[in-house]
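Asks: Structure incoming, see below.
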Amino acid sequence: MESLIERLDGVERAETAVGVPLVSATFPAGEHDRVWRALRAEHPRTGLWPVLGWTAGDAAEGTHHWCGRSQGPAALAALRQVDAAERVALLVRSQLEERLCPEDPSDPQVTAWREEEFAESDPVRVAEVTGPLTDVPPGVRRASTAYPPTKVLLVPAAAGHEVLALVPGLMAIMNNWSGGPAHPDLLHDDHVLVLRHWENAWGAELYLPDFVDLELVVTRPPRTALAAATCAVEQMSYCYDLAQTLGDVYAVARRQAPADHWSFWWD
């Protein structure tokens with residue numbers, strides 16, 4: 001059966017530094033969502049996961065900056081041994097450690113500030129503030145200079161998170177992310193594990209990775225206040241720059257967590 005990729009223009013093939021085969025194609029501006037969804041529907045048959053915004057050549061070239069142990073099947077096998085939910089919990093704990101004021105906790109102003117930080121990291125307390133979900137938000141698409149995308153890349157992967165392990169370089173290591181002693185840096189492995197956790201929890205699927213931008217299609221977004229709050233705390237811990245695009249954790253719980261499309265951007 002013919003694949004949509006064969007009917008698109010600019011078909012290009014390449015291999016990563018460790019031999020993962022890639023194929024890409026181009027399409028007219030504005031067709032990105034239709035193309036992605038059509039290729040995603042073919043995935044059970046083709047085993048090829050679509051990601052927007054990349055050509056095979058560019059994606060493959062980026063892998064030559066990574067050592068062989070950090071990419072491809074070997075990296076994916078190593079990451080399968082890591083508990084993704086535990087890693088996300090570690091990011092949440094580490095972000096809270098970083099934000100807690102190191103000054104004298106006996107100062108009333110410091111005490112109040114620390115209490116606010118604890119509240120914003122506690123899903124139960126976040127849910128109490130946001131209240132029941134009454135409307136499903138539309139989600140946010142981040143419009144960067146390269147948006148809308150006109151390229152689609154196909155990667156032999158069972159799920160979206162595998163793409164980030166098989167083809168490193170699609171997402172950057174975020175040097176501006178800082179955590180506490182528990183986990184001081186946001187590593188490339190964290191992108192893979194966060195997405196795997198969200199795939200399991202909410203049906204979040206890789207849509208567009210672009211160094212400092214990330215978009216996910218979400219098939220089972222949270223539909224209760226507590227679930228949305230839990231999701232929002234995780235999202236803010238992973239990408240605190242959501243404060244610039246959406247607002248505080250309460251805004252993320254209302255405006256993004258229950259939506260079927262999630263966007264992230266690191267400044």
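Asks: Mind jotting down the distance between the C-alpha centroids of region 40-57 and region 217-236, whole Å?
Replies: If you average the Cα positions of each part, the centres end up 26 Å apart.
Asks: Sort the following peptides by mean Cβ neighbour count (other Cβ atoms within 10 Å, averaged over residues), highest first: 257-267, 77-87.
Replies: My ranking of the peptides, most packed first, is 257-267, 77-87.
Asks: Okay, moving on. What is the gain in length, in nm to one decimal, between H65 and R13 on full extension, counting 0.36 nm per residue of separation less the C-alpha to C-alpha distance?
Replies: 16.8 nm
Asks: DSSP loop (so not H, G, I, E, B), at most 16 other Cβ within 10 Å: list which trypsin sites (Lys or Arg not before Pro) in region 207-255 pass both filters.
Replies: R223
Asks: Would you mind telling me the share, in percent, of accessible area of the chain contributed by carbon and sulfur at probe 1.4 angstrom?
Replies: Result for the chain: 53 percent of the exposed heavy-atom area is carbon or sulfur.
Asks: May I pose another question? May I ask which residue of P181, L39, A14 lies farthest towards the positive end of the charge dipole of the chain, with charges of +1 (Lys, Arg) and -1 (Asp, Glu) on Cβ and the Cα centre as origin?
Replies: Towards the positive end, the residue furthest out is L39.
Asks: Could you report region 203-267's accessible area per residue, 1.4 Å probe, as an integer in Å²?
Replies: On a per-residue basis, region 203-267 sits at 30 Å².
Asks: Order the peptides 44-52, 171-179 from the highest to the lowest mean number of other Cβ atoms within 10 Å of their residues.
Replies: Ranked from most to least packed, the peptides come out as 44-52, 171-179.
Asks: Given 0.36 nm per residue, what is the gain on full extension from A172 to L187 after removing their alpha carbon distance, in nm?
Replies: Length gained between A172 and L187: 4.5 nm.
Asks: Which cross-chain or sequence-distant (5 or more) residues have an amide H under 5 Å from the amide H of V11, H modelled 1.01 Å from N in plane?
Replies: Counting only residues 5 or more places away or on other chains, the set is T26.
Asks: Full-extension gain between A38 and A158, please, as 0.36 nm times their residue separation minus the C-alpha to C-alpha distance.
Replies: 41.6 nm
Asks: Still on this structure, please answer the following. Assigning unit charges at the beta carbon (Lys, Arg +1; Asp, Glu -1) and nothing else, what dipole magnitude in debye, to the nearest 20, does the chain show about its Cα centre?
Replies: With Lys and Arg at +1 and Asp and Glu at -1, about 900 debye.
Asks: Specify whether the C-alpha gyration tensor of the chain places it in the rounded, prolate or oblate class, a ≥ b ≥ c being the square roots of the eigenvalues: rounded for a/c under 1.5, otherwise prolate if a/b is larger than b/c and oblate if not.
Replies: Prolate shape, in that a/c is at least 1.5 and a/b is the bigger ratio.
Asks: Next up: For G169, what is the net charge nearby, where nearby means another residue's Cβ is under 10 Å from its Cβ and Lys, Arg count +1, Asp, Glu -1?
Replies: -2
The values are calculated or read from the model by the stated rules, or taken from the named source; none is laboratory data. Fair warning: this is a prediction, and the values are worked out from it, not measured in the lab. Because the Cβ atoms are built from the backbone with ideal geometry, glycine has one as well, and the counts that use them run over all protein chains shown. Only protein heavy atoms, including side chains, enter the accessible area calculation; ligands, DNA and RNA are left aside. Shrake-Rupley method; radii C 1.70, N 1.55, O 1.52, S 1.80 Å.
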